[in-house]
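This report concerns only the one structure given below.
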Amino acid sequence: NLGHQRQERRKKRVEKHLPIISLVGYTNAGKSTLLNQLTQSTVYAEKKMFATLDPTSRRLRLPYDQEVIINDTVGFIRDLPDTLLTAFRATLEEIADSDLLIHVVDASNPRVLQQIASVDKITSDLHFGDIPQLIVLNKTDLLAASEIETLMRQITLDSGAQCVAISAIKRESLRPMVEMVGEAIGQETSLDAHFATAQ
């Protein structure tokens, strides 16, 4: 059964002490595109609700043979009905073991602040509120610099979470995010070096 397979996979990862990073976010925020850029894979990236219903795990190999696991998760929607929340809970149980959540946000969406609040509500309903979180503002190529600054200030004031601006379709814009992820999991030099060699 699927749950059992997931537990086995998780046990292997935990035994190997690989840091686990999970991408979370509202549907269509660009999580799969970001995962593809980071790992150069082609996960099913399409504007579809629940395009990623099976959590997709990728290993990101760092220099010095260090690795992290990156999980892509299903896109969230507002006011999840209880029946769906139960289905989500099974799909999202992978998140429980994460060392870091990367909360990917569509910065160009007019309802961006409500979407962040919705995702935060779901993660805390699922009791993942204590996992460190980095908010990644995606699609910033569609915004003016002043709009990005205002948004980042607002988010920091609202949630106190660290945030960084990227555009997942522009690989070079991901460097500051990769550095912050590295600092968060204590492998800054290796993550950065991975990124430098992957250019």
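The values are calculated or read from the model by the stated rules, or taken from the named source; none is laboratory data. Predicted model, so just to flag it, every value in this text is computed and none were measured. Quick reminder, even Gly has a Cβ in these numbers, built from the backbone with ideal geometry, and neighbours come from all protein chains shown. Just so you know, the surface numbers come from the protein's heavy atoms only, side chains and all, with ligands and any DNA or RNA stripped out. Shrake-Rupley method; radii C 1.70, N 1.55, O 1.52, S 1.80 Å.
Here are some notes:
- Hits in the range 97-112 - residues which are of a type in the set (A, V, I, L, M, F, W, C) and either farther than 15 Å from L134 by Cα or exposed (fewer than 15 other Cβ atoms within 10 Å of the Cβ) (or both): V112
- Of all residues in the range 50-77 being modelled with pLDDT under 70 and hydrophobic (A, V, I, L, M, F, W, C), the one that is surrounded by the most Cβ atoms within 10 Å (Cβ to Cβ): L62
- Inside the range 122-150, residues that are open to solvent by 20 Å² or more (accessible area, probe 1.4 Å) and out of contact with any Ser or Thr (no Cβ under 7 Å at 6 or more places or on another chain) make up a count of 13.
- Unique match (being outside any loop (DSSP other than H, G, I, E, B), aliphatic (A, V, I, L, M), surrounded by fewer than 18 Cβ atoms within 10 Å (Cβ to Cβ) and modelled with pLDDT of 70 or more) among L23, L85, L34: L85
- Residues considered: E183, E94. Of these, the only one that is open to solvent by 10 Å² or more (accessible area, probe 1.4 Å), acidic (D, E) and at pLDDT below 95 is E183.
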